[in-house]
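Notes for the one structure printed next.
Bear in mind these aren't lab numbers, they're just calculated from the coordinates by the rules spelled out. Everything numeric here is computed off the predicted structure, so don't read it as measured data. Glycine also receives a Cβ, built like all others from the backbone with ideal geometry; neighbour counts cover every protein chain displayed.
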Amino acid sequence: MATYLGTSTLEFGSTHSSSRPKEMVREFQAIVMAGGRGSRMTEITAGRPKCTIPIGNKPMVWYPLNLLQRTGIKDAILVVMEQMKSAVQAALEPLGLKINVDIVTIADEDWGTADTLRFLSDRIKSDVIVVSCDFITDMSLHPILDLHRLHSNGVMALYFEPQPSDNTLVTPGPKSKFKPERDLVGLDEKTSRLVFVGSVSDFDSEVPISREIMEKHPVIDMYSKITDAHFYIFKKWVVDFLVHKKNISTLKGELLPYLVKKQASKRNKIDKRAEANTSAIDEDTKKDIFDFAQESYLTLKVRNISFYNDHKSDMNSAYHGDSIRCYGFLAPSHKFGARINTIVDYCNINRQIKDRWEMVTGGVQFVRVHSSADIKSTQMDDTCMVGENTTIAEKTSIKACIIGARCEIESKVRLANCILMNGVKIREGCILSNCVVCDGVEICNNAELKDCLIGSNNVISAEAKHTSEVLTVPDRLMQI
């Protein structure tokens, strides 16, 4: 096992020949999934890739890339739809990230996350970190990586306790009846083995747990309110298995439950050829998941002669002899972690981002007002953020707002608790309260909007008055 040196990109060189350049192998590779269109928040993603919508003064995808960078990851694959590549490249260029980002495009919109991982299999040479582009956290990844190093031979999943939200303001737009799906997660109290995953809606009053599971894991904590962060670490063999098992399309909904269930199954007998430290099964004849999950002869030999055991409930061998091992890391309750995949989530994180900035960015300098912004107003409070080349006229009142780049705000405008994306024009005399205004919108003179969401490139007529509405061109919300 590799020695932990305080970084997550340990490199190991081949020692076969000193005359050849060393072939460097990363301990972990990283993939950021950004191919989704944001189907639960089409009102604000219809005009741009979801991963580029602003959170504070950075595009959404910056946060997971910065997280990987400050963990020590040197390279990341960013997966986007083919038609989104140029927009994503343009959003990344001015960010100054040091991590090398390889943008890989996919053409099939119906692909799930497991399909994408299968597509990337030729690029994956080691254990792989998979993270969603909409994930934001102040959690250090090192404890999760260490737990994976020590025990996992399958998947490591990250979970968070329910997160606080700002309930003082309503979410712009009409009230939504959408209720998020709740997960049911079972973790071994002592070892953090992930022994059960499912959906709360699939069960009534009883949850069946097999006798074999209960014998191995006598104390299981069942959670129904924790959040799956969509942050996973997979062993390399899982990717190889996905190439073989082509009917698995998604990571969370299909692959994760499959692996969790299989770890409780009886493993196949190990071919005696493994004792000679050779490949027990030819690559072309592997049929069963256990054919892929075999650990090296040396690892098994060392474990068998050591006194180490991961549990104390019985005298069985370490891990009860399981060759497939899934783990869940439940972040401490004071740690913040959220996925931004609904309008509610988007508004909440923007209301919190200034206060959480230092922790979720690892101490990146906070730039409240871009140096190129031209601000003549004397009534803009210090909770506001303003992007580059934005002009704000005098005699304006702006409170608790996030304002993007190249916006124009004329005199006698009052804004409170609003999010303005790029290129927004707000004409004289307008009053906006608790609104989300997307790219390229023009709001004409003396309009009054409260709790509204305005879609990209829309024009709001002069003197208009709207409350709790979605104002956009209906065709832009359609996905064909």
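Extension gain for residue 302-residue 236 works out to 21.6 nm (0.36 nm per residue, less the C-alpha to C-alpha distance).
Give me the percent of Cα-Cα pairs in region 136-175 that sit more than 15 Å apart, rounded to a whole number. Mind dumping the intermediate values first?
Values: 475 of 780 pairs.
Considering region 136-175, 61 percent of its Cα-Cα pairs are separated by more than 15 Å.
The share of Cα pairs per 20 Å bin across the chain, counted from zero up to the longest distance, runs 22, 50, 23, 5, 0 percent.
In order along region 120-132, phi translates into HN-Hα couplings of 8, 4, 5, 8, 8, 10, 8, 4, 10, 8, 10, 9, 7 Hz, rounded to whole numbers, per the Karplus curve 6.51 cos²θ - 1.76 cosθ + 1.60 with θ = phi - 60° and x for Gly and Pro. If the segment from residue 201 to residue 465 were pulled out straight at 0.36 nm per residue, it would be longer than the present Cα-Cα gap by 90.9 nm.
Report the antiparallel proportion of the DSSP beta bridges in the chain as a percent, rounded to a multiple of 5. Mind dumping the intermediate values first?
Numbers: 27 of 84 bridges.
Looking only at bridges with both residues in the chain, the antiparallel portion is about 30 percent.
Residues whose amide H falls under 5 Å from that of residue 132, counting only those 5 or more places apart or on a different chain, are 33, with hydrogens built in the peptide plane. Shape index of region 31-188: Rg/Rh, with Rg the Cα radius of gyration and Rh the Kirkwood radius from the inverse mean 1/r over Cα pairs, equals 0.96. The helix-based estimate of mean residue ellipticity at 222 nm for the chain, built from -39,500 (n - 2.57) per DSSP H run of four or more residues and divided by its residue count, is -5000 deg cm²/dmol to the nearest 500.
Measuring r between the beta carbons of residue 473 and residue 316 and using R0 = 41 Å, the FRET efficiency lands at 0.05.
Residues whose amide H falls under 5 Å from that of residue 375, counting only those 5 or more places apart or on a different chain, are 392, with hydrogens built in the peptide plane. Derived scalar couplings between HN and Hα for region 196-212 equal 7, 9, x, 9, 4, 5, 7, 10, 8, 10, 10, 10, x, 10, 5, 4, 4 Hz in order, rounded to whole Hz, by the Karplus curve 6.51 cos²θ - 1.76 cosθ + 1.60 (θ = phi - 60°), x for Gly and Pro. Close amide H pairs (under 5 Å, H built 1.01 Å from N) link residue 28 with 10, residues at least 5 positions away or on another chain.
What the Kirkwood sum gives for region 135-224 is a hydrodynamic radius of 16.2 Å, with every pair of different alpha carbons counted. The convex hull built on the alpha-carbon positions of region 364-443 has an orientation-averaged projected area of 4.5 nm². Here the Karplus curve 6.51 cos²θ - 1.76 cosθ + 1.60, taken at θ = phi - 60°, turns the phi angles of region 245-255 into couplings of 9, 7, 8, 8, 10, 10, 7, 6, x, 10, 5 Hz, with x standing for Gly and Pro. To the nearest µm²/s, what D does Stokes-Einstein give for region 173-242 at 25 °C and 0.890 mPa s, using the Kirkwood radius over alpha carbon pairs as Rh? Diffusion coefficient, whole number: 168 µm²/s.
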